[in-house]
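Have a look at the structure below before the remarks.
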Amino acid sequence: QITGKEQLDLLDYEIFKEIAKVREYGCKKYGDPNNWVKVESKHYKNALMRHVLKYCLMDDELDDESKLNHLSHAACNIMFLLSKRLEK
């Protein structure tokens, strides 16, 4: 039944945990949990493509630096891009 309200129980919460790991890594690396807002979208587009290509073309599961899954990094970049788009 369509209620006009988002059915958040349809989401896979494990994905949120994966994105949180990437965010925690970024906060440790850059020291500011809100630093991502100051970065231009093109940076996230480039990072998204790097992670997707490494995952798809190089059959590489984990990022060399963070040791986190490339798809988790890609999901985080998508979150940043979508957040910036929704802000407009």
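The values are calculated or read from the model by the stated rules, or taken from the named source; none is laboratory data. Every value quoted in this text rests on a predicted model; they were computed, and no experiment measured them. With ideal geometry, Cβ positions are generated from the backbone for all residues, glycine too; neighbour counts draw on all protein chains shown. Note: areas computed on protein heavy atoms with side chains; ligands, DNA, RNA excluded. Shrake-Rupley method; radii C 1.70, N 1.55, O 1.52, S 1.80 Å.
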Quick one: 3J(HN,Hα) in Hz for region 59-65, Karplus 6.51/-1.76/1.60 with θ = phi - 60°, rounded, Gly and Pro as x.
6, 10, 6, 10, 5, 4, 7
Whole-number D in µm² s⁻¹ for the chain, Kirkwood Cα-pair radius fed into Stokes-Einstein, 20 °C, 1.002 mPa s:
151 µm²/s
Using the basic label-point model (7 angstrom from Cα toward the beta carbon), what is the residue 45 to residue 7 distance in nanometres?
3.4 nm
Over all alpha-carbon pairs of region 1-51, lay out the pair-distance distribution in 10 Å bins, whole %, shortest bin first.
20, 37, 29, 14, 1
Greater than 23 Å apart at Cα, pairs in 42/84; 17/54; 28/67; 17/42; 29/88; 42/88
17/42; 29/88
Per-peptide average of other Cβ atoms within 10 Å, ordering 5-17, 38-50, 64-76 highest first:
64-76, 38-50, 5-17
Per DSSP H run of at least 4 residues, take -39500 (n - 2.57); add these up for the chain, divide by its residues and hand me the 222 nm value, nearest 500 deg cm²/dmol.
-20500 deg cm²/dmol
If I compute solvent accessible area with a 1.4 Å probe over the protein chains, what percent of it on the chain is carbon and sulfur?
57 percent
Heavy-atom accessible area per residue - the chain, 1.4 Å, Å²
80 Å²
